[in-house]
Each structure stands twice: as structure tokens, then as C-alpha cells.
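Before any comments, here is the structure.
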2 protein chains.
Amino acid sequence: MFSKSTEYALRALIYLAQNSSEDHKIGIVELSVAIDSPKSFTAKILQKLTHGNKLISSVTGPSGGFYLTDQAKKKSLLKVLTLLDTEHMISGCILGLSECSEINPCPMHADYAKIKVQLLGMLGQKSLEALAREMNDPKVVINNNNR
Amino acid sequence: MFSKSTEYALRALIYLAQNSSEDHKIGIVELSVAIDSPKSFTAKILQKLTHGNKLISSVTGPSGGFYLTDQAKKKSLLKVLTLLDTEHMISGCILGLSECSEINPCPMHADYAKIKVQLLGMLGQKSLEALAREMNDPKVVINNNNR
DNA sequence: ATAATAAAAGATATATTTGTCTTTTATTGT
DNA sequence: ACAATAAAAGACAAATATATCTTTTATTAT
């Protein structure tokens, strides 16, 4: 469904939403171990979310690291996808047509439109902190270390 | 959502479902123009669906080309995805966990499971010929040539 | 049989994604 | 100020996806 980049980003954000705050920052080593992702690659992805849009906050140096503000934790997954410029994965035409619309729909348009509404609805309503809360349940995981 | 390969495959199959039969085969040139896809690349993709599984039938030489049997036209999109080995795009974990299940779910598992049911339901119930029928409506398109 | 046709197969090229490693810069605690 | 720390930045490498081009093989119509 999503690219590896997007998957790592979402997992990282959920972990940060659960475990970080301004006075408890998370380093890239802890983070990439926690979400089972390649360290340097994950660092690059996080950078995309720290710069202009500043969804993620970061501080260099000792006791530095990444964290989310309370405001950031309230952002929805859909907002994250928008910042990652990957929302079209879902909102685009399922057959890949660039000009698929009500006026000139693809053969799947009507059926997919219904599902799209639900997908976008779920992603738009689901905040990072809500997902972090899910992780209070000990069986809920965000890495592959339960194998 | 899907890769370019999968998109081209689905568009090609829908076109073949609408326009081909054993005594009216479609050449790769006509096909790739009709669905607005790169010719040789599309040919490669079609080959994957002609060999073992033989969803697509093909004949070389004059008056040859690709076509679908009536039986093939009844196959669902889900079946096509399975043959393309790309069903995991939908049935896999939305956060990319390899071991995401009821026992150890990711934080999105429960919400995505509901949507997954609907997506798989739609794809499983939608046949190539049903989609071909959609194309009888002149406003329905399967290429980008309406720009 | 032969020539024409069209898919199959193979080689190669390009672009994008994913991943690693090194150097630089910013910040902090001493 | 200084040393240690951690992210930022940049260069590079590998893998995969996408795309093109050429040669071969199978089939058909003459």
C-alpha cells in the first residue's frame, strides 16, 4: 500500500508520539531499533518532516534527539501523508489514470470512490496520539521483533 | 496504490475483456495505444499472464495477438492481483509489519482490517467483463487521452 | 516453401527507491 | 573554552522498477 519510506515514517511518528516529549527526546538509534528500520535511511526520512513543516522537532547534541510537541501529536495520519507528499497513493485513480474524475471516470471509479471515502476518513480522523494509545495494549506492536 | 506494472496489467485486461475474443485478437500496438502505456513494457507484463497461469491467450503471426477467453473474462481483479503476485499490496499490514495479526496487531490493524474487507470484497467480486461493461458508457475511459 | 506478421525472449538502459557511510554542524554538560 | 554527543548534510552504493531496443521463434496467408 505505502512505500517503505512512508511505513518507516508512520511507525517512527507513532513511536515518538508514545515515547517522546520536549524533555524526553529519542535518538535515532533507539528509534530505529524500536520500529525495526534501517537507521540512516530512517534519519533521512525524519529530516523531511523536521524542516519546513516541522511536524517533528529535533535538537542536536547531548540529550538531544527527536520529539513531538503535544500539538504535533494531535496531527492525523492523513496530515502526515500530505506532508510526505504521498497522499495520492490513496486519493489517486486506482488504475493510474491522471485524469480520472466524475466527468471521465475509469471503470473502477465509482466502486473505489466509496472505499476511498472510508480510507481517507479513517486516516483523517486517526491522530498520532490515538495510535500511540493503542500501544498501551501490550500485544500491540510496531516492529517485527515478535518473531 | 498499485505499481505501474499492475496498473498497466489491469487496464490491458479490461480493454481485452471488452474488445477481444478468440476470433478478434488485439495486437500490442493497438493495446498500448488504447490504454496509454509503453508498448514493450506492456508486452513484458502481458507475458507474465500468458505463461503458466494463462489468463491471457496469445497467438503469434499474422492475425495473431492477445485475447481473453470467455472463461478468463469472468476472472476477478483479485484473481489477477494474485496471479501478478501483488495481492499483498492490499492484504499486507498497512504499516509494513511482516507479522501483523490479531495476536500481535499493529496500532492500525483493527481499523484497516475493516477497510481491507471492503477492498478485497470489491476486488473479489468485480470481474473483468463487468468492468468492460462499464466502458459501454462513453464517458468512461481507460487512458489519459481525454486531456 | 516463402514472405510477412506478431508475440516471445533477451539484452540493455534509465529512473527511482532503498540503504550505507563519512563529514559537518549544532548543542550540551563539564 | 572544551570535549562529547547527536542530528544534518552529503556522497555513494545497491536493489528494484520502469522502459527501450534488437533478435528469435511461432504462425499465418499466399
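Nothing in this text is a laboratory measurement; each read-out follows from the coordinates by a stated rule. This is a predicted model, so every value here is computed, not measured. Reconstructed Cβ throughout: ideal geometry from the backbone, glycine too, with neighbour counts over all protein chains shown.
Out of all the residues in the range A:117-137, which are acidic (Asp, Glu) and surrounded by 14 or more Cβ atoms within 10 Å (Cβ to Cβ)? I'd like the intermediate steps shown before the answer.
Keep residues of the range A:117-137 that are acidic (Asp, Glu), which gives A:129, A:134, A:137.
Scanning the range A:117-137 gives A:129, A:134.
Can you confirm whether the range B:61-73 contains a residue that is away from DNA strand C (no atom under 11 Å from the Cβ), within 14 Å of another protein chain (Cβ to nearest Cβ) and out of contact with any helix residue (DSSP H, G or I) (no Cβ under 6 Å at 6 or more places or on another chain)? Scanning the range B:61-73, I find no residue that is away from DNA strand C (no atom under 11 Å from the Cβ), within 14 Å of another protein chain (Cβ to nearest Cβ) and out of contact with any helix residue (DSSP H, G or I) (no Cβ under 6 Å at 6 or more places or on another chain), so the answer is no.
In the range B:73-80, is there at least one residue being part of a helix (DSSP H, G or I), within 16 Å of DNA strand D (Cβ to nearest atom) and not hydroxyl-bearing (Ser, Thr, Tyr)? Break it down stepwise before answering.
Of the residues in the range B:73-80, the ones part of a helix (DSSP H, G or I) are B:73, B:77-80.
Filter once more, so that each one left must be within 16 Å of DNA strand D (Cβ to nearest atom): B:80.
So of that shortlist, the ones also not hydroxyl-bearing (Ser, Thr, Tyr) come out as B:80.
Yes, the conditions are met somewhere in the range B:73-80.
Residues in the range A:59-68 that are surrounded by 17 or more Cβ atoms within 10 Å (Cβ to Cβ) and either near DNA strand D (Cβ under 6 Å from one of its atoms) or farther than 14 Å from residue A:31 by Cα (or both): A:65, A:66.
Take the conditions closer than 21 Å to residue B:144 by Cα and more than 8 Å from every other protein chain (Cβ to nearest Cβ) and apply them to residue A:129. Does it pass? Considered against the rule, which asks whether it is closer than 21 Å to residue B:144 by Cα and more than 8 Å from every other protein chain (Cβ to nearest Cβ), residue A:129 comes out as no.
Looking at residue A:39, is it within 14 Å of chain B (Cβ to nearest Cβ), within 11 Å of DNA strand C (Cβ to nearest atom), surrounded by fewer than 21 Cβ atoms within 10 Å (Cβ to Cβ) and closer than 28 Å to residue B:91 by Cα?
Working: within 14 Å of chain B (Cβ to nearest Cβ): no; within 11 Å of DNA strand C (Cβ to nearest atom): yes; surrounded by fewer than 21 Cβ atoms within 10 Å (Cβ to Cβ): yes; closer than 28 Å to residue B:91 by Cα: yes.
So residue A:39 fails the test.
Which residues, taken from the range B:27-55, are hydrophobic (A, V, I, L, M, F, W, C), away from DNA strand D (no atom under 15 Å from the Cβ) and not in a helix (DSSP H, G or I)? The one that is hydrophobic (A, V, I, L, M, F, W, C), away from DNA strand D (no atom under 15 Å from the Cβ) and not in a helix (DSSP H, G or I): B:55. Filtering the range A:84-116 to residues that are assigned to a loop (DSSP other than H, G, I, E, B), among the small types (Gly, Ala, Ser) and either more than 8 Å from chain B (Cβ to nearest Cβ) or buried (at least 20 other Cβ atoms within 10 Å of the Cβ) (or both) leaves A:96, A:101.
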